[in-house]
Amino acid sequence: MKTIDLRKKSIVDLEKELIEIRKAQFSARMQISTQQSNKTDQLGKMQKDIARIKTILAEKAQET
């Protein structure tokens, strides 16, 4: 997920995206813990995406 694309989205869209990524992150954690998946690299990518979205949300909150 690119920062440029995220900056174009509205606050409501970013919050929805954040919820979706958190759900996906939880699902991935459960799959890894039950050994249904071994894609541990996805967790790091999801965490970085969450951080990007939170940063942009904070920037947009300061603007208004």
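The values are calculated or read from the model by the stated rules, or taken from the named source; none is laboratory data. Since the structure is predicted, the reported quantities are computational estimates derived from the model, not experimental observations. A quick note on method: Cβ atoms are made from the backbone with ideal geometry, for glycine too, and the neighbour counts reach across all protein chains shown.
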**Matching entry among Lys48, Lys39, Lys23 (being loosely packed, with under 14 Cβ neighbours inside 10 Å and at pLDDT below 95)** = Lys39
**Request:** Take the residues in the stretch 1-30 that are touching a residue at least 40 places away in the same chain (Cβ under 8 Å), of a type outside the set (Asp, Glu) and in a helix (DSSP H, G or I), then tell me which one is farthest from Lys48 (Cα to Cα).
**Result:** Ile11
**Prompt:** Does Ile56 qualify as being in contact with a Leu (Cβ under 6 Å, 6 or more places away or on another chain) and either modelled with pLDDT of 95 or more or surrounded by 14 or more Cβ atoms within 10 Å (Cβ to Cβ) (or both)?
**Reply:** yes
